[in-house]
1. Could you check, for region 162-174, whether at least one of its residues is modelled with pLDDT under 90 and farther than 21 Å from Asp118 by Cβ?
2. Give, as residue ranges, the helices (runs of 4 or more DSSP H) completely inside region 78-181 that count at least 2 residues that are acidic (Asp, Glu) and surrounded by fewer than 21 Cβ atoms within 10 Å (Cβ to Cβ).
3. Considering only region 69-103, state which residues are within 29 Å of Ala133 (Cβ to Cβ) and of a type in the set (A, V, I, L, M).
4. For region 148-163, which residues satisfy the criterion of being hydrophobic (A, V, I, L, M, F, W, C) and within 11 Å of Val109 (Cα to Cα)?
Amino acid sequence: MPPHGTAHRPAVGSSRGIVTYAHFLASMAGAEMLLQGGNAMDAVVATSAALNVVAELMLSPTQGFRDGRCVLSIGTPGSFGILQTTPQMILNHLEFGLDIQEAIEAPRVRVYRDRLLDVEARIPESMRAALAARGPQVNVLDEHGGWSWVVGGAHGIARDPESGALTGGADPRRDGAAVAV
């Protein structure tokens with residue numbers, strides 16, 4: 001986990017559901033509750049008890065539903081960037097059809113201060129120039145070969161709506177991995 005801030009670790013409890021929480025211990029506690037036959041409220045209580053906190057609004061964990069079933073659980077740390085990074089990944093997956101790993105890895109942008117726009121260097125120069133022509137100051141994030149932790153570090157789970165198959169994704173911008181246990 002990063003030395004400060006939040007992380008995102010979704011967990012799946014068999015076929016009973018997906019737990020999305022910003023701390024891996026809470027995710028695992030909620031998933032265990034689902035595996036033992038609990039429902040969504042049981043999982044909420046378990047996640048809160050795991051951290052010894054009262055569950056409040058969490059900005060990072062996001063779930064997407066189709067026909068009443070969770071098809072996406074995704075989130076990222078990133079302070080004010082969470083509200084910019086998360087929609088980019090959701091659109092990449094649900095609207096543009098990228099698999100969960102591709103949706104997480106796709107280059108990102110972040111509006112930072114005033115009219116400053118942070119843009120990963122993997123976004124083509126022609127696109128960066130077109131953005132700059134509209135007025136913002138474009139700051140190219142060119143650390144680590146065009147990948148930058150500034151635009152988040154997501155983890156996610158996707159469920160195929162037809163087969164129910166689960167896939168996971170982890171952001172190479174930060175630490176973490178998608179693991180089936």
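1. Checked against the condition, which is being modelled with pLDDT under 90 and farther than 21 Å from Asp118 by Cβ, region 162-174 yields at least one hit.
2. 100-105
3. Across region 69-103, the qualifying residues are Ile82, Leu83, Met89, Ile90, Leu91, Leu98, Ala103.
4. Of everything in region 148-163, those that are hydrophobic (A, V, I, L, M, F, W, C) and within 11 Å of Val109 (Cα to Cα) turn out to be Val150, Val151.
For (1) closer than 20 Å to Leu141 by Cβ; (2) modelled with pLDDT of 75 or more, each residue gets a yes or a no:
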| residue | (1), (2) |
| --- | --- |
| Met28 | no, no |
| Met58 | no, no |
| Phe80 | yes, no |
| Glu95 | no, yes |
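The values are calculated or read from the model by the stated rules, or taken from the named source; none is laboratory data. Quantities reported herein were computed from a predicted structural model and do not represent experimental measurements. Cβ: placed from backbone, ideal geometry, glycine included. Neighbour counts: every protein chain shown.
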